[in-house]
Amino acid sequence: FKEVKMKKFFIAVSILLFASSSLFAQLKIGYVDSDTVMEQLPDAQDAQRKIDALIQEWQDELSGIEKEWQDLYDDYEQRKLIMSDQRRVEVENELISLENRISDYRQEKFGVNGELFQKQEELMTPVQNRVFNAIQTVSEENDLDFVFDRSGDIIFLYAKDEYDITNLVLEQLQ
């Protein structure tokens with residue numbers, strides 16, 4: 001992880017060194033703090049409030065199921081010595097069923113492709129697209145060659161097509 005950050009740091013320093021040399025003096029570089037933009041954009045705030053409300057609702061539901069499991073477990077622990085074997089097995093199966101329900105619920109709501117991920121995509125993608133379109137417009141209006149996002153790792157948000165060497169690299173690799 002540290003190696004990746006160091007590599008990105010050295011790439012950024014290299015770009016800045018090239019940009020500051022007399023050979024590239026006309027190169028115009030800008031940056032944006034996308035976290036600040038998203039914090040101040042009303043659409044992003046509304047989307048985040050909706051996501052937070054869903055998270056709270058799902059956490060409350062999950063807490064209810066977990067409490068149900070805990071109550072059943074506590075009762076089981078207190079009474080298991082006086083329970084019949086059949087009743088003990090029934091309660092143990094019920095506990096296992098509740099554990100599975102908790103696990104499934106977590107995965108369904110908060111898992112990698114769960115409802116939270118899908119809802120974030122649904123609500124945030126249009127907002128992010130608006131932000132990226134605005135960055136591109138500002139970049140073009142100000143004749144910027146490259147735009148970086150300073151809020152996290154080094155990310156190109158905009159670059160003039162003439163500086164894109166992707167196809168050349170692909171040709172070299174063939």
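The values are calculated or read from the model by the stated rules, or taken from the named source; none is laboratory data. In this text, all values refer to a predicted model and were calculated from it rather than measured experimentally. As a convention, Cβ positions derive from the backbone with ideal geometry for all residues, glycine included, and neighbour counts pool all protein chains shown. The area values use the complete protein model at the heavy-atom level, side chains included, leaving out ligands, DNA and RNA. Shrake-Rupley method; radii C 1.70, N 1.55, O 1.52, S 1.80 Å.
For Arg87 and Leu72 in the same chain, what is the full-extension length gain: residue separation times 0.36 nm, less their Cα-Cα distance, in nm? Please list the in-between numbers first.
Details: separation 15, 0.36 × 15 = 5.40 nm, distance 1.28 nm.
Taking Arg87 through Leu72 to full extension adds about 4.1 nm, to one decimal.
First compute the accessible area of the stretch 21-158 with a 1.4 Å probe, then give the percent of it belonging to carbon and sulfur atoms. Working shown, then result.
Working: 4610 of 9370 Å².
The computed percentage sits at 49.
Just the Cα atoms of the stretch 20-100: what Rg and Dmax do they give in Å?
Taking only Cα atoms of the stretch 20-100, I get Rg and Dmax of 27.6, 87 Å.
May I ask you to evaluate 6.51 cos²θ - 1.76 cosθ + 1.60, the Karplus curve with θ = phi - 60°, for each residue of the stretch 49-63 and list the ³J(HN,Hα) values in order in whole Hz, giving x for glycine and proline?
In residue order, the calculated couplings are 5, 5, 5, 4, 5, 4, 4, 5, 4, 5, 5, 5, 4, 5, 4 Hz.
Which whole-Hz ³J(HN,Hα) couplings does the stretch 109-116 yield from phi under the Karplus relation 6.51 cos²θ - 1.76 cosθ + 1.60, θ = phi - 60°, glycine and proline marked x?
Working through the residues one at a time gives 8, 10, x, 3, 10, x, 4, 5 Hz.
Using θ = phi - 60° and the Karplus curve 6.51 cos²θ - 1.76 cosθ + 1.60, what whole-Hz ³J(HN,Hα) does each residue of the stretch 137-143 get, with Gly and Pro shown as x?
Ordered by residue, 3J(HN,Hα) equals 4, 4, 4, 5, 5, 9, 6 Hz.
Taking 0.36 nm per residue of sequence separation and subtracting the Cα-Cα distance, how much length would be gained by fully extending the chain between Phe117 and Val138, in nm to one decimal? Working shown, then result.
Numbers: separation 21, 0.36 × 21 = 7.56 nm, distance 3.00 nm.
Gain in length upon complete extension: 4.6 nm.
Return the long-range amide H neighbours of Asp149 (sequence gap of 5 or more, or a different chain), with a cut-off of under 5 Å between placed amide H atoms.
Sorted by chain and number, the residues that satisfy this are Val32, Ile155, Leu157.
Can you work out the FRET efficiency for the pair Arg101 and Ile51, with r the C-beta to C-beta distance and R0 = 25 Å, to the nearest 0.05? List each step's numbers first, then the result.
On the way: r = 24 Å, r/R0 = 0.95.
After rounding to 0.05, the efficiency reads 0.55.
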